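Everything on this sheet refers to the single structure shown next.
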Amino acid sequence: MLKEVLMKILFLDQSSKLGGAELSLSDVAKPYRNDCLVGIFADGPFREFLEKAQIPVQVLTNQPIQISRDSHFIQSISRLGSLIPLIARVTKIARDYDIIYANTQKALVVGALASFLSRRPLVYHLRDILSTDHFSRTNCWIAVTLANRFASLVIANSKATQSAFIEAGGRPEITTVVYNGFDPENYQSQPSSLSHLKQQLGIHNQYVVGHFSRLSPWKGQHILIEALTHCPEDVTTILVGDPLFGEEEYAEQLHQQVADLGLENRVQFLGFRSDIPSLMACCDLIAHTSISPEPFGRVIIEAMFCNRPVVAAAAGGVVELVESGRTGWLVKPGDVKELADVITLCRRNPKLAIETASQAQQHLQMSGRFHLSKTNQQIAHLLRQLMKETPYTLDPSSERS
Ligand code: UDP
C-alpha cells in the first residue's frame, strides 16, 4: 500500500545524535527512502544510522545552532539571524520536494521559513511537550506561532503532546495524534544469546531492573538509584544510555550518588547501546522514571514488545501507554518509595510480573496498537490528504526544478 505513495519528502531534524525522535523519524522515513531526503543540522551517529538503513541523508550545516531549550526572547530572536544560510539552503533543496517534514523544534523554525519561501507545505511532527516543564516560555511561543502560521499539519506523538500544544495556543484543527510505531520482529531475541550476554554483564544470578534512556536529570535515573536502597539486596540495575545533550555533569552526579550510597555492586552504567532488545530481554523489569511529563516514552512500548514488565512514571504520554495493574505499573513521578514498592512487589512475585508482561504483549499484538505498519499507514494517509489539499505542489508548472 505504501508503495503507491509517490511523494517526495524533505525530512528535517536538528540532531546528530540518536535520541527517540531520531529513531522514530527513521521509521517514518523508511517507506519513502527511494524518494526522500533527511536533512540534518549536525554530523554524527544519526547520519551513520540513516546511511546504514539506506535512507538518503545530508548534513545541511556545520554551524552549531545556538538556540537552546531555555533561551529567552531576545537571545532566541537575535540568534535566528544565524539560521539564514541554513534556511536559504533548505529553501533551495525544498523546491525538489513536495513536502517539508520537520521532526524537531529547530527543524520547525528552519522548515517554516523554507516552506514559506519555497511554497511547499509544512508538516510538523510534534514530539515535545510544549510547556515550561521542558522549554522556556519563548521557545514554546516560537514553536506554536510558527506551527500555527506555516504548518498545514501537526502530527502529535501522543494526546499529551497534542493537548500541551493546544494549551499553549496551537490551532486544534491542524493537529492529529499518531502514536509512534514499532516493528515487533525487531524485539524477538534468542534465549541462547541472552545467557551469553547475561554472563558478559555479570547479571546471571540477579534480579535486574533495566533503565534505558539518555542520562538527563529529567529522565530521573537518580530516582531509580535511590529506590534501590529500599529494595531487596539482590535487586540490581543496568543504566543504558549516555548523556546526549550536554548533560555530562548529571552523569558524574549519578556516579557519585552510586558511590555515596555504596551501590557500586548493584548499579552498572552501560553507556549508549544499539542492542536494546537483547538487553531488555536480560532484564526482569524495566523502569521508566521521568520526573517531567514524557511526550511518549518509546522504551515503555519496546519493553512490552520484548515481553518484559514495566513500571513507569505517570505523566504525559505515558498514561496513554500503560494501564496500571493490567499492562504494567504506573507510579507518581519522582516518588522513590512508590517505585521501590513496585520493584519489590515484582521481585517477590515474579509470576505476577511475568503475567503482566504477557498481558501487555498480547494486548499490543491483538490490538495492533503501536505497530509500525499501522503508524506508517496513518501517516501516508495524512500526507496524501495534504497533497490533495495543496494543489500547487502537484501542478507541473510549479517551481520544482
Ligand atoms: N536507546 C538506545 N540506546 C541507548 C538508550 C536508549 O537506542 O543506549 C533508545 C531507546 O531504546 C528508545 C530511545 O532511545 O528507543 C529513547 O526514546 P524515548 O522516547 O524513551 O526517549 P527520548 O530520547 O525520545 O526522550
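Just from its helices, what would the mean residue ellipticity at 222 nm be for the chain, if runs of 4 or more DSSP H residues each count -39500 (n - 2.57) and the sum is divided by every residue, rounded to the nearest 500 deg cm²/dmol?
Details: 16 runs with 173 residues, N = 401.
Rounded to the nearest 500, the figure is -13000 deg cm²/dmol.
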Report summary line: Relative to the compact-globule estimate 2.2 N^0.38 Å (N residues), the Cα gyration radius of region 209-276 stands at a ratio of 1.03
Report summary line: Sorted on mean Cβ neighbours within 10 Å (highest first), peptides 126-138, 165-177 come out as 126-138, 165-177
Requested in this report: Provide, in order from the shortest bin, the percent of all Cα-Cα pairs of region 282-373 in each 5 Å bin, continuing until the bin that contains the maximum pair distance.
Outcome: 3, 16, 28, 26, 18, 8, 2, 0
Report summary line: Distance in Å, no decimals, from the C-alpha centre of region 277-317 to the one of region 336-377 is 8
**Report entry** Kirkwood Rh and Cα Rg combined as Rg over Rh, evaluated for region 206-354
**Finding:** 0.92
Query raised in the report: When only alpha-carbon atoms count, how far does region 73-224 stretch along each of its three principal axes, as whole angstroms with the largest first?
Result: 60, 35, 32
Requested in this report: Give the value in nm², to one decimal: projected area of the alpha carbon convex hull of the chain, averaged over all directions.
Outcome: 19.1
Report task. Determine Rg/Rh for region 115-169; Rg is computed over alpha-carbon atoms and Rh is the Kirkwood hydrodynamic estimate from the same atoms. Result -> 0.98
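Defining a contact as two alpha carbons under 8 Å apart and six or more residues distant in sequence, what relative contact order in percent does the chain show?
Value for the chain: 14 percent.
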**Report entry** Under the Debye formula (equal points on every Cα, no solvent term), log10 I(q)/I(0) of region 159-240 at q = 0.14, 0.20, 0.22, 0.26 Å⁻¹
**Finding:** -0.78, -1.03, -1.09, -1.19
Query raised in the report: What is the fewest-to-most order of HIS371, HIS230 by other Cβ atoms lying within 10 Å of their Cβ?
Result: HIS230, HIS371
Query - Listed residues PHE41, PHE305, PHE116, most fluctuating in the chain (Gaussian network, C-alpha, under 10 Å) - result: PHE116
Query raised in the report: What's the center-to-center distance, using Cα atoms, between region 118-171 and region 197-237 in Å?
Result: 35
Query raised in the report: Peptides 295-303, 55-63, 17-25: what's the order by average Cβ count within 10 Å, highest mean first?
Result: 295-303, 17-25, 55-63
Query raised in the report: Once the dipole of the chain is set up with Lys and Arg at +1 and Asp and Glu at -1 on Cβ about the Cα centre, which of GLY169, PRO191, SER324 lies farthest towards its positive end?
Result: GLY169
Query - Nearest 10 degrees, 0 to 90: helix 372-389 Cα axis against the chain principal axis - result: 20
Query raised in the report: What FRET efficiency do you get for SER193 and ARG348 if R0 is 25 Å and r is their Cβ-Cβ distance, rounded to the nearest 0.05?
Result: 0.30
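Highest first, please rank the peptides 330-338, 348-356 by the mean number of other Cβ atoms sitting within 10 Å of their residues.
Sorting 330-338, 348-356 by mean packing, highest first, produces 330-338, 348-356.
Each value in this text was obtained by applying a stated rule to the coordinates, not by laboratory testing. Given the structure is predicted, the values throughout are model-derived calculations rather than measurements. Heads up, the Cβs are rebuilt from the backbone with ideal geometry, glycines too, and the neighbour counts pull from every protein chain shown.
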